[in-house]
Amino acid sequence: MTPVQHDTAAGVPITVLAPQDPSRPAALVVAWHLLDEPADPARMAALLPLAGLDAWRVYLGLPLTGDRTPPGGPDFSDVVANVFEPIVRLAAEEFPAVLAELRSRLPVDDRLALVGGSIGALVAQQVLAAGAPARATALISPVVQLSGLVTANERAFGMAYPWSASSTAMAERFDFVARADELSTPVLLVVGEEDDEPGLRVPAEKLWQALPAGRASLVHVPGMGHTPVTHAAEVDAAVTGWLARHLT
C-alpha cells in the first residue's frame with residue numbers, strides 16, 4: 001500500500017498511514033475520529049498522524065457518518081437511541097472483521113493499539129472490553145460515559161434530553177467508569193482543561209482513578225476544549241509517547 005491511502009476494510013472507510021519501511025512487519029494502531037473536528041478518518045490522520053510511531057496507523061470511519069450517513073441525515077429526534085448508541089455499538093461490532101482484513105492485507109505483527117477521540121474513545125473502550133488483543137489505548141477528549149456526552153450536549157445547546165427507560169439502559173451499558181475493570185490495557189486519557197467539566201472532564205478523572213495504579217495516565221491540556229484541533233501537536237506528542245512506550 002502507498003504511504004497514505006484512502007480505502008475501505010470490511011466495508012468501513014479507512015485512511016492508512018504507513019510505517020517508515022512498509023515492507024517490514026510493524027505494529028498496528030487503529031483510531032476512531034470525533035463527531036467534532038477532526039470528523040472523518042482523513043482529517044484525523046492529517047491532524048494526528050502519530051508520525052513518531054513506526055507503525056501502521058489506520059483511521060476508521062464511524063457508522064452513520066461520512067459516506068455512511070443515512071439519507072436525509074441522522075435522526076436527532078432521539079440522539080441517544082438514533083445516533084450515539086448505534087454509532088458506538090455498530091463500530092464495535094464491525095471491528096473484528098476490519099481487524100481481520102487489515103491483518104490479511106498489511107504486514108503487521110501482533111502488536112495492536114487503540115486510539116479514539118470523543119465518541120470514538122467510547123468505541124475504543126467498547127472494543128477493548130469486548131476482547132480486542134490491544135497492548136495500549138489512548139483516549140482523546142474522551143467520552144467515558146454515554147450519559148456524560150448527553151450532559152455536555154445539554155449544556156452546549158441549552159436543551160434537555162428526555163431520558164426513557166430504554167435510553168437509560170443504553171447509557172448504563174456504555175459507562176466505563178462502572179466498567180473500568182473491563183479495560184485490560186494501559187490507558188492514556190488526554191483531556192482539555194476547557195472541555196465540559198461535569199459531562200466529560202469529571203468522568204474522565206473518575207475513570208483514571210478507577211483504573212489500577214500505574215496502568216493509567218491522565219494528561220490535562222491547558223486551553224484545549226473538546227476538539228484537539230488547536231492543540232494537535234501537544235496531543236499527538238502525548239499519544240505518540242504513550243503508545244511508543246507500550247508497543248516497544
Worksheet item: Which distance in nm do the two modelled labels at ALA156 and ASP75 give, with both placed 7 Å along the Cα-to-Cβ direction?
Response: 2.3 nm
Worksheet, complete the sentence: In the chain the DSSP beta bridges are antiparallel at a rate, in percent to nearest 5, of 30 percent
Discussion item. At 7 Å along Cα-to-Cβ for each site, give me the label-to-label distance between ASP67 and GLU182 in nm.
Written reply: 3.1 nm
Worksheet, complete the sentence: Counting only DSSP beta bridges fully inside the range 1-140, the antiparallel percentage to nearest 5 is 35 percent
Worksheet item: Roughly how large, in nm² to one decimal, is the mean projection of the convex hull of the alpha-carbon atoms in the range 36-151?
Response: 7.8 nm²
Item to complete: Would you mind working out the accessible area per residue for the chain, using a 1.4 Å probe, and quoting it in Å²?
Response: 40 Å²
Discussion item. What is the sum of charges, Lys and Arg at +1 and Asp and Glu at -1, for the other residues whose Cβ falls under 12 Å from the Cβ of VAL80?
Written reply: -3
Practice prompt. Could you order peptides 46-56, 103-113 by the average number of other Cβ atoms within 10 Å of their residues, highest first?
Written response: 46-56, 103-113
Worksheet entry | Convex hull projection area averaged over all views, the range 137-188, Cα basis, nm² | 4.1 nm²
Worksheet entry | Intensity falloff of the range 38-98 expressed as log10 I(q)/I(0), Debye formula with alpha-carbon point scatterers, at q = 0.13, 0.23 Å⁻¹ | -0.43, -1.02
Worksheet item: With no solvent and one point per C-alpha, what does the Debye sum give as log10 I(q)/I(0) for the range 142-248 at q = 0.18, 0.24 Å⁻¹?
Response: -0.94, -1.32
Worksheet item: To the nearest Å, what is the center-to-center distance of the range 66-131 and the range 185-224, using C-alpha atoms only?
Response: 21 Å
Worksheet item: How far, in nm, would the chain grow between ARG245 and ALA213 when pulled straight, counting 0.36 nm per residue and subtracting the alpha carbon separation?
Response: 9.8 nm
Worksheet item: Roughly how many nanometres apart are two label points built 7 Å out from the Cα toward the Cβ at HIS6 and GLU172?
Response: 4.3 nm
Worksheet item: Which of the peptides 200-209, 175-184 is most tightly packed, and how do the rest follow, judged by the mean count of other Cβ atoms within 10 Å per residue?
Response: 200-209, 175-184
Worksheet item: Could you give the angle, 0 to 90 degrees to the nearest 10, between helix 85-105's Cα long axis and the longest principal axis of the Cα atoms of the chain?
Response: 10 degrees
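The values are calculated or read from the model by the stated rules, or taken from the named source; none is laboratory data. In this text the structure is predicted, and so the values were computed from the model without any measurement. Here Cβ is always computed from backbone atoms with ideal geometry, including for glycine, and neighbour counts include all displayed protein chains. Each accessible area value is taken on the protein alone, full model and side chains, heavy atoms only, with ligands, DNA and RNA left out. Shrake-Rupley method; radii C 1.70, N 1.55, O 1.52, S 1.80 Å.
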